[in-house]
């Protein structure tokens, strides 16, 4: 069983040797690592700039315009007048009465008949 | 955005600080420098794309999570490729073909003396680390080299903390066994 001190020393030595190994990397490898880092940083810059490209702004602007127009139409246009089928009180009576519809279609005839009967009654009494 | 908390400079410093260790880890996993460089580059790109807006204290764990995910994907692909090549009757002779070249000391190195002294131990250590199973190697490198705690390593590896402890303990035990004859 190794003591904690021995294990600590072992790990320190291992870490030291590994660190030495990366200090002496081949020059071409160092260059390729640097290139990889630069490429990664470029992609980060593109990602950060991505929001400011014109196409993105055009899309955002277009969407905002559509929303604004829709809201304007909804709030500012006068509400359409309610078209009530019964314009006059007589029409309302027709709608609400229980009479058969044929009666109203021949209403002129019945009105004429009523005036005739009235005149006949007046003639008899006079 | 240059002065923001996650500025380009901070991201550049983070990647520069981490890239060599990341390369070495990918190198241990793939056994090939070119594959390792591709893995690191892909990992950097994906990390930047997905996580550069995250708080900086989370970057290390997030980066290694991405990198280890890439390494596992690479292992799956290479396993299938090896099976196909074996089935076709072609071995994997090109695997590790560049190991000896990469392990030679760099004459332009600023520390040739240190290299000469430690090269044998370092090569033995790297060989032993490479011989570890993937998950043990990941747990060991993240904990012992990258200095992550158990929770961070578990997040980076995408597993439970208990698994990290088990893999780490087994890795140390295995390394001690393999390096018994080496003065480390």
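Values in this text are rule-based calculations from the coordinates and carry no lab data. Model, not experiment: these values are computed from the prediction. Cβ: placed from backbone, ideal geometry, glycine included. Neighbour counts: every protein chain shown.
Give the average, rounded to an integer, of partner chain Cβ atoms located within 10 angstrom of each Cβ in B:20-28. Working shown, then result.
Details: counts 8, 4, 3, 7, 5, 1, 0, 4, 1.
That works out to 4 on average.
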If you rank B:25, B:178 by fewest surrounding Cβ atoms within 10 Å, what's the result?
B:178, B:25
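Averaged across A:28-36, how many Cβ atoms of other chains sit within 10 Å of each residue's Cβ atom?
Working: counts 2, 10, 3, 0, 9, 11, 3, 2, 13.
Across A:28-36, the average partner-chain Cβ count within 10 Å equals 6.
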Cβ density ranking, 10 Å radius, fewest first, applied to A:10, B:23 yields A:10, B:23
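Under the classification rounded if a/c is under 1.5, otherwise prolate if a/b is larger than b/c and oblate if not, where does the stretch A:4-76 fall, given a ≥ b ≥ c as square roots of the Cα gyration tensor eigenvalues?
oblate
Quick one: A:97, B:30, fewest Cβ neighbours within 10 Å first, how do they rank?
On the way: A:97 11, B:30 21.
Least crowded to most crowded, the residues run A:97, B:30.
Counting only other chains, what is the mean number of Cβ atoms within 10 angstrom of the Cβ of each residue in peptide B:144-151? Intermediate results must be reported in sequence, preceding the final value.
Numbers: counts 6, 6, 2, 1, 0, 0, 0, 0.
What the average comes to for B:144-151 is 2.
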